[in-house]
Amino acid sequence: MKRIFYGIIFLTFSLSMLQAQQADSLFSQANRLYAQKKYAEALDVYRRIPETGKVSAELYYNMGNAAYKLNKKALSVLYYKKALNLRPGYAAAKHNLTLIRRSLTDRIEPAPLAFHIKLWKKWTGMLSVGVWAILSRLWAWLLLAAVLFYLYSQKPARKRWAFALAGISAGIWMLTWISYRSAKAEHEKTEAVVAVPETRWRARIDTDTSRTGILHEGTVVKILDSSGNWYHVRTADGNRFWVPESDVLKINERY
Amino acid sequence: MTKRLMFLFLWISGLSLWGQTDFRVRVSRNELNKDERLRVDFILNRQPERFEPPAFRDFYVVMGPMESSGSQVSIINGRMQRSYTYSVSYVLTPMRTGTLTIEPASAVVEGKTYRTKPVHINVSQAQQAPPAVSSAKPGNLRTENIPAGKDAFIRLEISNRRPYVGQAVSAVYKLYIKDGIGVADYGQTQIPEPKGFWTETIKDKPVELGMVEKDGQTYRVYALRQLMLIPQHAGKLEITPQKIEMILVKKVVRQMGPFQFYDEVPEHVYLSTPHTVIEARPLPEKDKPVDFSGAVGRFDLFVNVSDTVAAAGNDLSVEVKVTGKGNFNMFELPRPVFPPEWEVYDPEHKINTRPTYTGYKGSVSDLYTVIPQKPGKYTLPPITFSYFDPVDETYKRLSGPAYNFEITGRRVQTSAPYAGAGQGGFRNIESVSRWMSADAVPFWQQKWFAWMLYLPFIFLFLVLAFKYWQSRHRPDEQKQRRQRQNRYIKSLLKEARNHLNEPAVFYGLIEKALREYFKNRLELDSTRLHRTGIDEALAARRVAPEYREELQALWQHIQQARYAPAGSFDTSADYEQIRTWLEKLDKILKK
């Protein structure tokens, strides 16, 4: 039994090692192509890496660079966004993304946020979702311990302490839990990039085509809803449009 | 108002004054080409109760119906005669060639129906192919040679007919209408496309400009379109005529006794501007500056630098801004010459201009973001910008200041292995990757992790529920006491078991336990807590005699062991015996 168990562990471990080796060799091969300025070939090799079962923020960052060199702005924005999804504070990816944004046709300034929302975003952004998740669980158990201690302690002095402890941990638990939910929602939001040079948006998907306009390649939108072949999206400045599904690429999906 | 007054008048003068009802049709021509128009009027000398136009099956109605009415008073041979005219007019264009018919129209006057005679029109083939654009719709047919009356005319006003290439001129289409004439309908048949110009519309809607005196007449003036034109190359540039089709309504005042009546007479006119030629002059070659990039107008140059002292690796911004008036969008902004050690990003190009009569007004700027990589002292040479001033007819040069930068700190390393892609200030690719599984669900998205949150709360709920249940089912005093005593007896027996090797202590404890047991179970007070007392109590409880005998034997055995410890005692066997006996008795007593 033990042998089988170790065997399985060994197998999965070695499989993972094998995948990593394969990914590493493809990665360095693509990097060499990139150094030789064969960007299209490099991008092709990079795109084969996720098929090995491995991905990384660095991989998507390099893919973004290659796409940028090929002047494929939408793809480039998409890859940088994917890199940033895997590692939210990735400085190089952020930097190159701002560079691309400067060359985009649509210069959408994010709508200014209220002070308290800004503060809250800063707070939840301080830790990653995983850390918030652990903290919220940890404080839930601490809260349980404090309540049990309160219920079963006999001495009044101890009961008082236990009560105070339970109150404080309940407060902290609430805070960590709400932060976790907020960070998770931010992490799971579905974003998309306009992939065609121009997409004609509509204010409504029905026959009303009176209010319409154009979003240009590389614009990042947040998907709110979908209906038929249309997505209801929101741009950074808070405007809502309907755009054809085929004109955008979802960031969460594999390409 | 006119009609009401008229009815009042008719009522006063009496209907007998009126002669026979006369309903006629009149056409402007009986023969025409297929692409021409004709006008048809239905004239009635009474106010009809109802008028029904013909179906016009062979014609397109270009305009109409135009309804008008009026009355006239004439004195002939000392006799006053009143006449009244009601007319409905249409402008028609034929659908096909051949002999076409305008069907009768009908009118109801005083309950009687009158009809006009049908009219036959001969339509021949168009003499020349109509222009492609205007033949598409019947409303846009080739214009007839109706001369534009003096009632209205349009003019194209050009601010400068000999501008330089790049110098903006204004073109305003002005419509003059004689005062007192109204406009019933208005349409532009041909919108000119100025060729060789950069055209920007300043205003596309008619604007009333006021009154103007011309040739002894007063005209109302409208600006129909206002354009800004910038010649793109030298030479004779032509602006094709603008054609306008409109229906004017003339008001004719008739005095009749103390009353004034207005007749509204429609007039169909075609207006056109003449061919206009603008001669664009080339910019002088003489003294043309090296850094001239095509700017014509009057400009100012501003250069802004965010900081002149910075640490290496930090970004600086340099803004080059040109403000003023001229042909913005048609020249390039000067590019600063940055030290080669600096990373320079593509500039952010901002345009903030609006068209005016004399060119675009506003500003255009380039915002460069640069990152000095190496510490040291750098100089940014002055930025120069040359433009041509068409008013002074000379070239002018503007020059910004030179900037001296002091870059401190340490050299910034660019990622070494794949250098060469650093142009454009672009961060290089990574050479090392930290892999993670492509399909792995992060631990915090897995089910078990969610349960880690639910579990403490479920547990807490269970504990609280248990506590509540406990408070609801609190055992009574007696039961509690018995439980306490049971516990005490158990503890005595347990202690006895620990003293199996010391028979004196062992049997002492066993006896104590038994006494406690009977005291508790049989509810005996201490005065009756002896062998006979216990036996009686057991008998009262109807315990079978064999048990009672067994108990007596046990007592005997214990007494012997305690007070006459002769011989050896098997303490462990006794312990087991007593325990089983007590269990048995428990069961009996519980019944």
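If you line up the long axis of helix B:571-590 against the longest principal axis of chain B, both from Cα atoms, how many degrees apart are they, to the nearest 10? Tilt relative to chain B: about 60 degrees.
Taking a quarter of the surface of the Cα convex hull of the stretch B:293-413 gives a mean projected area of 7.4 nm². Here the protein assembly as shown is treated with +1 on each Lys and Arg Cβ and -1 on each Asp and Glu Cβ, and its dipole about the Cα centre works out to around 2720 debye.
Cross-link pairs exceeding 19 Å in C-alpha to C-alpha distance, out of A:K69/A:K250; B:K178/B:K214; B:K174/B:K243; A:K69/A:K222, comprise A:K69/A:K250; A:K69/A:K222. For B:T113 and B:A55, the difference between the fully extended length at 0.36 nm per residue and the C-alpha to C-alpha distance is 19.2 nm. Considering only A:A185, A:H95, B:T369, the residue lying farthest towards the positive end of the dipole of the protein assembly as shown is A:A185, judged by Cα position with unit charges set on Cβ. Evaluated on the stretch A:56-204, the Kirkwood hydrodynamic radius is 18.8 Å, with distances taken between all distinct Cα atoms.
With +1 on the Cβ of every Lys and Arg and -1 on the Cβ of every Asp and Glu, and nothing else charged, how large is the dipole of the stretch B:293-413 about its Cα centre, in debye rounded to the nearest 20? Before the final figure, lay out each step's value.
Values: 13 positive and 14 negative charges, 20 e Å.
In debye, rounded to 20, the stretch B:293-413 gives about 100.
Probing with 1.4 Å while keeping every protein chain in the model, the per residue accessible area of the protein assembly as shown equals 58 Å².
For chain B, the alpha-carbon radius of gyration amounts to 2.36 times the rule-of-thumb value 2.2 N^0.38 Å expected for a compact globular protein. Note on chain B: dipole from Cβ charges, positive end direction compared against B:T356, B:V265, B:Y173; the farthest Cα belongs to B:V265.
Dividing the convex hull volume of the alpha carbon atoms of the stretch B:478-590 by its residue count gives 99 Å³ per residue. When the Gaussian network model of chain A links Cα atoms closer than 10 Å, the mean-square fluctuations of A:T12, A:T105, A:T124 top out at A:T12. So which of A:K94/A:K121; A:K72/A:K121; B:K205/B:K350; A:K54/B:K447; A:K37/A:K82 end up more than 21 Å apart by C-alpha? Correct reply: A:K72/A:K121; B:K205/B:K350; A:K54/B:K447; A:K37/A:K82.
For chain A, the fraction of alpha-carbon pairs lying more than 31 Å apart is 46 percent, rounded to a whole number. As a length-normalised measure over Cα pairs under 8 Å and 6 or more apart, the relative contact order of chain B settles at 8 percent.
If eta is 0.692 mPa s and T is 37 °C, what Stokes-Einstein diffusion coefficient results for the stretch A:151-255, Kirkwood Rh from Cα pairs, in µm²/s?
On the way: Rh = 17.1 Å.
Result for D is 192 µm²/s.
Compute the long axis of helix A:73-86 from its Cα atoms, compare it with the longest principal axis of the Cα atoms of chain A, and write down the angle in degrees, 0 to 90, nearest 10. Once rounded, the angle reads 10 degrees. Within straight-line reach of A:K73, meaning a Cα separation under 15 Å, sit the following aspartates and glutamates at least 8 residues removed in sequence or on another chain: A:D106, A:E198, A:E217, A:D247, B:D346.
From the Cα gyration tensor of the stretch B:22-63, with a ≥ b ≥ c the square roots of its eigenvalues, which class applies: rounded if a/c is under 1.5, or else prolate if a/b is larger than b/c, or else oblate? Before the final figure, lay out each step's value.
Numbers: a/c = 3.15, a/b = 1.85, b/c = 1.70.
Note, shape of the stretch B:22-63 comes out prolate.
Here B:K195 is the anchor, and the aspartates and glutamates within straight C-alpha reach of less than 20 Å, apart from those fewer than 8 places off in the same chain, are B:E157, B:D204, B:E238, B:E279. The HN-Hα couplings worked out from phi for the stretch A:60-72 by the Karplus form 6.51 cos²θ - 1.76 cosθ + 1.60 (θ = phi - 60°) are 5, 4, 5, 4, x, 4, 5, 5, 4, 5, 8, 6, 9 Hz, whole numbers, x standing for Gly and Pro.
Chains A and B: how much accessible area gets covered up at their contact, both sides added, probe 1.4 Å, in Å² to the nearest hundred? Kindly include the intermediate steps, with their values, before the conclusion.
Values: alone 16330 and 36510 Å², together 48700 Å².
What A and B bury together is about 4100 Å².
Rg of the Cα atoms in the stretch A:2-103, relative to 2.2 N^0.38 Å, amounts to 1.27.
Rg then Dmax, both in Å and based on the Cα atoms of the protein assembly as shown: 52.2, 181. Answer with one residue from A:L86, B:P336, A:F149: the one whose Cα lies farthest towards the positive end of the charge dipole of the protein assembly as shown, charges on Cβ with Lys, Arg +1 and Asp, Glu -1. Of A:L86, B:P336, A:F149, it is A:F149. Share of Cα-Cα pairs in the stretch B:152-280 beyond 27 Å, in percent? Within the stretch B:152-280, distances greater than 27 Å cover 31 percent of Cα pairs.
With +1 on each Lys and Arg Cβ and -1 on each Asp and Glu Cβ, how big is the dipole of chain B about its Cα centre, in debye rounded to the nearest 20?
It works out to roughly 1900 debye.
The values are calculated or read from the model by the stated rules, or taken from the named source; none is laboratory data. This one's a predicted model, so the numbers in the text were calculated from it and none came from an experiment. Using ideal geometry, Cβ is built from the backbone for each residue, glycine included, and neighbour counts are taken over all protein chains shown. In case anyone asks, the SASA skips ligands and DNA or RNA and just uses the protein heavy atoms, side chains included. Shrake-Rupley method; radii C 1.70, N 1.55, O 1.52, S 1.80 Å.
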